[in-house]
Amino acid sequence: MKTVHDPSDMQSLARCYRRQGAKVGFVPTMGSLHEGHLSLVRRARRLADCVVVSIFVNPIQFGPGEDFEQYPRDAKRDATLLSDEGVDLLFMPRAAEMYATDASVFLDEDDLSRGLCGAKRPGHFRGVLTVVCKLFMLVQPSVAVFGRKDAQQAALIQQMVRDLNIPVEIDVVPIVRERDGLAMSSRNVFLSAEERRHALVIWQTLRDVRKRFRGGETDAGAACRLLVDRMRAAGGVVDYACCVDASMLKPVEQLRDNVLVAVACTFGRTRLIDNTVLGLPDALDAR
Ligand code: AMP
């Protein structure tokens, strides 16, 4: 596996791959990798001839007081995991080379980014879209793989690619969970054993919402109330529990197929997000 730090070296290599006619699959990450990230890598492997993974803890998507400095980093372990997965190229740019000190062009989205995490993290999706767009310019992938764990992010990237005519196919893969059901996240290491036990209420209640929906329940408000009540009862500080249309992220009153049930909740000092899409297969059903 080749490792590249310099954005212009990345762009030259991307041009080489193109000239050779190789289909490039791309997985952008912030590192501190787990099985969720590796499932994206395996998917990219299946879809493309050549797999590029980026690791970049993107400073501009963290707000003041968020955990940019504390975000877990383990470049050596990450490189070993990716090399074992047969990744062709690891791109690890440095912040100073990604953003000029006088950078003044950023990507804003006006609709889908307003609700859910966007309402609580102003500027977050501006940072995400800007970096993903820059990474697409540098890596020039044919296909890029994202996780449904960050469902709002995936919807926004699909919208960005459509609205800006970026020639890349977006593939979205299901959430990978720990054995106890908690959605995998690089931030799970911050949970104490007790917080982690309490946080299981998230997936348990998402599973219950799926069961109720299959049993004929269609009241979206009742589903949200159930989620909020149970997360609070477990000691969580609830950011949101929403039922929205999975592609345009507009709130719905009735549960139906293709409704995204999404939550964000803080346990201790760790903000967790999780979700399920009704009508799509979900590993939650087997639990
Ligand atoms: P991150 O490193 O947190 O920025 O995530 C990089 C990519 O991995 C994003 O597309 C995430 O949605 C995806 N991802 C993170 N956690 C999971 C998970 N548990 N299951 C599936 N995909 C995930």
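The values are calculated or read from the model by the stated rules, or taken from the named source; none is laboratory data. Bear in mind the structure is a predicted one, so any value in this text is a computation, not a measurement. Note: ideal-geometry Cβ built from the backbone for every residue, glycine included; neighbour counts use all protein chains shown. Side chains are part of the model used for accessible areas, which takes the heavy atoms of the whole protein and leaves out ligands, DNA and RNA. Shrake-Rupley method; radii C 1.70, N 1.55, O 1.52, S 1.80 Å.
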>> Step by step: first the residues of the range 52-66, then only those that are assigned to a loop (DSSP other than H, G, I, E, B) and touching a residue at least 12 places away in the same chain (Cβ under 8 Å), then the one that is surrounded by the most Cβ atoms within 10 Å (Cβ to Cβ). Which residue is that?
In response: Asn58
>> Please verify whether Asn188 is away from the ligand (no atom under 16 Å from the Cβ), under 22 Å from the mean Cα position of the chain (by Cα) and of a type outside the set (Lys, Arg), treating the condition exactly as stated.
In response: no
>> Among the residues of the range 249-267, are any over 25 Å from Phe146 (Cβ atoms) and open to solvent by 50 Å² or more (accessible area, probe 1.4 Å)?
In response: yes
>> Just to be sure before I move on: is Val244 in contact with a Pro (Cβ under 6 Å, 6 or more places away or on another chain), assigned to a strand (DSSP E or B), touching a residue at least 60 places away in the same chain (Cβ under 8 Å) and not hydroxyl-bearing (Ser, Thr, Tyr) in the structure I sent?
In response: yes
> Do you know which residues across the range 149-180 are within 14 Å of the ligand (Cβ to nearest atom), under 15 Å from Leu112 (Cβ atoms) and of a type outside the set (A, V, I, L, M)?
Replying inline: Asp150, Gln152, Gln153, Gln158
>> Need the failing condition index for Pro28 against (1) in a helix (DSSP H, G or I); (2) within 16 Å of the ligand (Cβ to nearest atom), just the number.
In response: (1)
>> Against the condition under 24 Å from Gln140 (Cα atoms), among the aliphatic types (A, V, I, L, M) and assigned to a helix (DSSP H, G or I), how does Ala44 come out, does it pass?
In response: yes
> What are the residues in the range 177-224 that are among the aliphatic types (A, V, I, L, M), surrounded by fewer than 18 Cβ atoms within 10 Å (Cβ to Cβ) and not in a loop (DSSP other than H, G, I, E, B), if any?
Replying inline: Val189, Ala193, Ala222
>> Among (1) outside any loop (DSSP other than H, G, I, E, B); (2) in contact (Cβ under 8 Å) with a residue 24 or more places away in the chain; (3) of a type outside the set (Val, Ile, Thr), there is one condition Ala96 misses while meeting the rest; what is its number?
In response: (2)
>> Among the residues of the range 133-176, what is the count of those that are assigned to a loop (DSSP other than H, G, I, E, B) and open to solvent by less than 20 Å² (accessible area, probe 1.4 Å)?
In response: 2
> Yes or no: Glu35 within 15 Å of the ligand (Cβ to nearest atom) and more than 19 Å from the chain's Cα centre (by Cα)?
Replying inline: no
>> Which pairs turn up if I take residues in the range 264-275 that are farther than 16 Å from Cys224 by Cα and part of a loop (DSSP other than H, G, I, E, B) and look for partners that are open to solvent by 10 Å² or more (accessible area, probe 1.4 Å) and among the hydroxyl-bearing types (Ser, Thr, Tyr) with beta carbon separation below 8 Å, at least 6 apart in sequence or on another chain?
In response: Gly268/Ser192
